[in-house]
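To keep things clear, I will list the structure first and then write my remarks on it.
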2 protein chains.
Amino acid sequence: MPTIVVEVMPKAEILDPQGKAVAGALVRLDKNEFTSVRIGKRFELTVEGPITDELLAEAREIANDLLANTVIEDVIYVGEARSADDAQGA
Amino acid sequence: MPTIVVEVMPKAEILDPQGKAVAGALVRLDKNEFTSVRIGKRFELTVEGPITDELLAEAREIANDLLANTVIEDVIYVGEARSADDAQGA
């Protein structure tokens, strides 16, 4: 079924202790290529039928009102999921 | 600075109580367009210099070994961030 993806990340000026902890772990494991790590959230909203502009607008509203805490987080993406071709996961 | 994005989602066969809670909240708010919600994580790994295939391979290894709990989660994407043109966020 079609899926709308919402991505939420901590604002740049906000400390991300969870990300800092992962970054520290990477250094301890001698993986020094990565200078910083930030951790956010990824929501998949499943819809019935095609993804219309109205649905995207609705998703954007939900993202800002419900899914993200806009005091400390930014909604960085609302839209369709990547196509399968883009998948580079495990 | 260049950023490698890692996306991790709960496996399809695993219950996602957090997502279910959001889906329930949406129904109570009369937003019935969305039939299900699943919540995963999005990591941004900052690197110095260009994103090479070696760095991506390293990131893929880290994603599977450290960032995802592969018993209950899948790494669905490891790669470059979306270009700014794709951004449809708030």
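Here are a few things to note about the model shown:
- Rolling a 1.4 Å probe across the protein heavy atoms gives the range A:3-86 an accessible surface of 51 Å² per residue.
- With contributions of -39500 (n - 2.57) from each DSSP H run of at least four residues, the per-residue ellipticity at 222 nm computed over the protein assembly as shown stands at -7500 deg cm²/dmol.
- Candidates B:ASP65, B:ASP53, B:ASP30, ranked by Gaussian network fluctuation over chain B, Cα under 10 Å, top entry: B:ASP30
- Helix A:17-28 vs. chain A, principal-axis angle (Cα, 0 to 90°, nearest 10): 50
- Measuring nothing but how far apart in sequence close Cα pairs (under 8 Å, 6+ apart) lie, relative to its length, chain A scores a relative contact order of 48 percent.
- Each label point was placed 7 Å from the Cα along the Cα-to-Cβ direction; for B:GLU61 and B:GLN18 their separation is 2.8 nm.
- FRET E, pair B:THR46, A:ALA25, Förster distance 22 Å, beta-carbon r, rounded to 0.05: 0.90
- Using a Gaussian network model of chain A in which every pair of alpha carbons under 10 angstrom is joined by a spring, one finds that among A:ILE76, A:ILE51, A:ILE14 the greatest mean-square fluctuation is at A:ILE14.
- Within the same chain, lysines fewer than 8 places from B:LYS11 are excluded, and of the rest, those with a Cα less than 16 Å from its Cα are A:LYS41, B:LYS20, B:LYS41.
- Across identical copies of the chain, B:LEU29 has label-point separations of 3.6 nm, listed in ascending order, with the point defined 7 angstrom from Cα along Cα→Cβ.
- The chain B residue nearest the rotation axis shared with chain A, using its Cβ and rounding the distance to whole Å, is B:ARG42, 2.
- What separates the A:THR70 label point from its copies, with the point 7 Å along Cα to Cβ, is 4.0 nm, written shortest first.
- Think of the range A:3-86 as having a plus end and a minus end, set by charges on the Cβ of Lys, Arg, Asp and Glu; of A:ASN64, A:VAL27, A:PHE43, A:VAL27 sits farthest toward the positive end of this dipole.
- Inter-copy spacing of B:GLU13 label points, which lie 7 Å from Cα along Cα→Cβ, given in nm from shortest upward: 4.7
- Rounded to the nearest angstrom and listed largest first, the equivalent-ellipsoid semi-axes of the range A:3-86 from its Cα gyration tensor are 30, 17, 8.
- Relative to the Cα centre, the charge distribution of chain B, modelled as +1 at Lys and Arg Cβ and -1 at Asp and Glu Cβ, gives a dipole magnitude of about 640 debye.
- Whichever aspartates and glutamates have a C-alpha closer than 12 Å to that of A:LYS31, once near sequence neighbours (fewer than 8 apart) are set aside: B:GLU58, B:GLU61
- Rg and Dmax [Cα atoms of the protein assembly as shown; Å; Rg one decimal, Dmax integer]: 16.2, 50
- Folded to 0 to 90 degrees: helix A:53-62 orientation relative to chain A principal axis, Cα: 50
The values are calculated or read from the model by the stated rules, or taken from the named source; none is laboratory data. Everything numeric here is computed off the predicted structure, so don't read it as measured data. Heads up, the Cβs are rebuilt from the backbone with ideal geometry, glycines too, and the neighbour counts pull from every protein chain shown. Note: areas computed on protein heavy atoms with side chains; ligands, DNA, RNA excluded. Shrake-Rupley method; radii C 1.70, N 1.55, O 1.52, S 1.80 Å.
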